[in-house]
Amino acid sequence: MDTHIEGNTRTDTGRWYVTRDLDDFLTRAGAFLRSRPALHTVPLTVTENLRTRGRSVYGEGAPEFGVLEGGGEVRAAFFRTPPHWLNVTALTPGEADALAARLAALGRSLPGVNAQCGTAGAFTEAWRRHTGATAALRQHQRLYRLGTLTAPGPVPPGRPRVAVESDRERLRRWHDEFSEAVGLGTVRDSAEWADARIDSGGITFWETPDGTPVAMAGTSPRVAGQVRVTTVYTPPQFRGRGYAGAATAEVSRAALAAGADEVLLFTDLANPTSNGLYQRIGYRPVADFEVYDFTSGSEGA
């Protein structure tokens, strides 16, 4: 299989270069991604996991990457880990159209796109023009950055505890429940995800005084100084008691103590409870993102 795919679709400001070679992509786009670590938290985290955990960590399909180069600099980048959505950095409408044209010409079939508002809409419209696909908005997300950490009060009885090997089955089960609850599908195999989190100490439980885990919160690996809080989950029978807030505050505190320059998280704007909670803890809005689902038109398989 070729790992390099000649990029020949030009925009007014550059050319899209497409590759399946992760090292090549990071050589070309790494500095660009690190120049805006908050806005680029997802590609930074995903490429780090691909580099350290293997190219099949998000699925069996070969990951694909792209870089918009022009005027001696990188202007944008994208990645996709099939079968998941295309993830792309901020684009002008012209750049979005050129990318849609390039991927359509390569015969790519996309399930959707995840990008900042404006970019997501522009790419979705361009994809419709080039392929005949239809689209539906799946989720409107908000990216938050931690300001001054404030513990939610009152803190529920109990204590934090980092997940260990004996928690593997619970982690696997809660990961699947979380994925179903947020409605974005399973991004990683639950068993592999659990193993990775145990290895890195990347999940913290809040447990009651009798030692029962009642909520969890995780963090991504630190890349370019940023850490993202992920997989905040409370099983239904334990909700409404402050456990998720306590777990989130603890992993946020731990990330700062470990040297993170920025601590970030995403929320679904359709969930006012979580958005209110994170703001009370000290998180402040950075940017809004949209996730669109595509329904096949005439695009290639």
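Among the trypsin sites (Lys or Arg not before Pro) in region 179-271, those located in a DSSP loop and surrounded by at most 15 other Cβ atoms within 10 Å of their own Cβ are Arg239. With the simple model of a label 7 Å out from the Cα in the direction of the Cβ, Val286 to Glu192 spans 2.5 nm.
The residues of the chain expose on average 43 square angstrom of accessible surface per residue, using a 1.4 Å probe on protein heavy atoms.
Pick out which of Gly94, Gly225, Gly183 has the largest mean-square fluctuation in a Gaussian network model of the chain, springs linking Cα atoms closer than 10 Å. Of Gly94, Gly225, Gly183, the most mobile in the Gaussian network model is Gly183.
Principal axis extents of the C-alpha atoms in region 176-264 (largest first, rounded to whole Å): 37, 29, 22.
Using a ≥ b ≥ c from the Cα gyration tensor of region 29-144 (square roots of the eigenvalues), is it rounded, prolate or oblate, where a/c under 1.5 gives rounded and otherwise the larger of a/b and b/c decides, a/b for prolate? Verdict is rounded for region 29-144.
Placing a label point 7 Å from the Cα of Arg173 along the Cα-to-Cβ direction, the residues of region 220-235 with a backbone N closer than 16 Å are 233-235. In the chain, the calculated helix contribution to ellipticity at 222 nm averages -11000 deg cm²/dmol per residue, counting -39,500 (n - 2.57) for every DSSP H run with n ≥ 4.
Let me know the shape class of region 69-128, please: from the alpha-carbon gyration tensor, a ≥ b ≥ c as square roots of the eigenvalues, rounded when a/c is under 1.5, otherwise prolate if a/b is greater than b/c, or oblate. Rounded, because the longest to shortest axis ratio a/c is under 1.5. For region 112-180, a/c is not less than 1.5, where a ≥ b ≥ c are the root eigenvalues of the C-alpha gyration tensor, and a/b does not top b/c. That puts it in the oblate class.
With semi-axes defined as the square roots of five times the eigenvalues of the C-alpha gyration tensor, the equivalent ellipsoid of region 144-299 measures 24, 20, 17 Å, largest first.
Its Cα gyration tensor gives the chain an equivalent ellipsoid. The semi-axes, each the square root of 5 times an eigenvalue, are 35, 19, 19 Å from largest down.
The values are calculated or read from the model by the stated rules, or taken from the named source; none is laboratory data. Only a predicted model underlies this, so the values are computations on that prediction, with no experimental measurement involved. A quick note on method: Cβ atoms are made from the backbone with ideal geometry, for glycine too, and the neighbour counts reach across all protein chains shown. Surface areas here come from the heavy atoms of the whole protein model, side chains and all, with no ligands, DNA or RNA. Shrake-Rupley method; radii C 1.70, N 1.55, O 1.52, S 1.80 Å.
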